[in-house]
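Okay, structure first, notes after.
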Amino acid sequence: MASSGQPADATVVVVTYDALPWIERCLESVARAPTIVVDCGSRDGTVASVRSRFPHVTVIAVENRGLGAAWNVGLRSSESRYVLLLNADAWLAGDALSRLVAFADGEPRAAVVAPRLLNPDGSLQRSVRGFPTLWRLATEYFFLRKLAPRSRLLNSFYGDGFAYDEVRSAEFVMGACLLVRRQAVEDVGYLDEEFFLFSEETDWCFRFREAGWRVLFFPGAECVHVGAASHGGRLYRENLRGHLLFFWKHRGPEQAEKARRLLLAAVRMRGVLFRGERARTYREAARWLGSGDVATLLGK
């Protein structure tokens, strides 16, 4: 429940799926704020643990239709001026929520405000990204950025050169921790549920910016994010699918087909360069990318 020290006009929404390793620390960090947990079919006891340890938290169990769909459930189940979308493997530092809300109140055209993300060891987690283009996909998937890690030209997909010690406008930010303004959501719409797990925040930020809203990075609030070491198997394919869907929506079918061909060449190369499980992941992704044109892969 909200109390002094935490803003009553911000609701926290956490989506869970087998989230036991970190969910308690996550919820403890927002214990004084109204909180909704949307669970997507956890089998590890997450729901029972949350209900036992955090009786004030609202738990909504849903079919697993993806992250964006679950976020939308939380958004629709709240009425506050702001909603904090927080990953289950992330937790706020100190009074970060109050800081985010206070900052957003001073930036009336900010649809999204993102804090500085930290790794569990305290090091900076680079969370600002550039919208996907064919060039940016090439620099990432063909390892071009590894050749010159200080080159802004080769590292623009990862927001190279971004100053993480000052307030800045961003193209899009990682979805680990996002303060979202309800007025902007009412203007632009909810998350596109066609994105299952990756690129939903990319698409949302693109739509916000296209409508004249801003996406801001605010270093005055911090959040620790564990994150995943790798995305293998289906998750890797979903990542690629997210890129293709973004291109289809915002760059057009022709550019989306070029992106498919680029990614196909890149993952085929990776399947040759690597061994073991990583190689299998790349080969499976290549088979999927090569199984049809982009319209077929996206069911268009």
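The values are calculated or read from the model by the stated rules, or taken from the named source; none is laboratory data. Just so we're clear, the structure is a prediction, and the values are computed from it rather than from any experiment. Neighbour counts are summed over all protein chains in view; Cβ atoms, including those assigned to glycine, are modelled from backbone coordinates with ideal geometry.
Brief remarks follow.
- Failed criterion for P21 (all others in (1) surrounded by fewer than 22 Cβ atoms within 10 Å (Cβ to Cβ); (2) within 20 Å of the chain's Cα centre (by Cα); (3) modelled with pLDDT of 95 or more; (4) in a loop (DSSP other than H, G, I, E, B) hold): (3)
- Yes/no for R278 being under 21 Å from A70 (Cα atoms) and in contact (Cβ under 8 Å) with a residue 40 or more places away in the chain: no
- Every listed requirement among (1) assigned to a helix (DSSP H, G or I); (2) closer than 30 Å to Q183 by Cβ; (3) of a type outside the set (G, A, S); (4) modelled with pLDDT under 95 is met by L235 save one, (2).
- Selection status of R43, outside any helix (DSSP H, G or I), free of Cβ contacts under 8 Å to residues at least 60 places away in the same chain and farther than 21 Å from L97 by Cβ: yes
- Residue within region 175-198 that is basic (K, R) and modelled with pLDDT under 95 present: no
- Candidate set from region 263-279 (those that are charged (D, E, K, R) and in a helix (DSSP H, G or I)); member that is nearest to the chain's Cα centre (by Cα): R278
- Residue within region 253-270 that is free of Cβ contacts under 8 Å to residues at least 24 places away in the same chain and farther than 23 Å from F143 by Cα present: yes
- Out of V38, V50, sole residue that is among the hydrophobic types (A, V, I, L, M, F, W, C) and either closer than 19 Å to G175 by Cβ or within 17 Å of the chain's Cα centre (by Cα) (or both): V38
- Verdict on L117 being in contact with a Ser or Thr (Cβ under 9 Å, 6 or more places away or on another chain) and either among the β-branched types (V, I, T) or modelled with pLDDT under 95 (or both): no
- Residues that are loosely packed, with under 15 Cβ neighbours inside 10 Å and not in a loop (DSSP other than H, G, I, E, B), drawn from region 61-78: A61, R76
- Conditions (1) assigned by TED's automatic domain parsing to the domain that holds Y82; (2) modelled with pLDDT under 95; (3) in a helix (DSSP H, G or I): number failed by C205: (2)
Matching residues to (1) in contact with a Lys or Arg (Cβ under 7 Å, 6 or more places away or on another chain); (2) buried (at least 22 other Cβ atoms within 10 Å of the Cβ); (3) within 22 Å of L75 (Cα to Cα):
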| position | (1), (2), (3) |
| --- | --- |
| C177 | no, yes, yes |
| E186 | no, no, yes |
| E194 | no, no, yes |
| L197 | no, no, yes |
| E201 | no, yes, yes |
| R207 | no, no, yes |
| V215 | yes, yes, yes |
| L235 | no, no, no |
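- Residue check for V15: in contact (Cβ under 8 Å) with a residue 24 or more places away in the chain, in contact with a strand residue (DSSP E or B) (Cβ under 6 Å, 6 or more places away or on another chain) and in a strand (DSSP E or B): yes
- Check on L134, over 20 Å from V224 (Cα atoms), modelled with pLDDT of 95 or more, in contact with a helix residue (DSSP H, G or I) (Cβ under 7 Å, 6 or more places away or on another chain) and surrounded by fewer than 17 Cβ atoms within 10 Å (Cβ to Cβ): yes
- Scope region 167-185; condition part of a loop (DSSP other than H, G, I, E, B) and not hydrophobic (A, V, I, L, M, F, W, C); matching residues: E171, G175
- Only listed residue being closer than 19 Å to P219 by Cβ, under 21 Å from the mean Cα position of the chain (by Cα) and touching a residue at least 60 places away in the same chain (Cβ under 8 Å), chosen from L134, L118, L124, L75: L118
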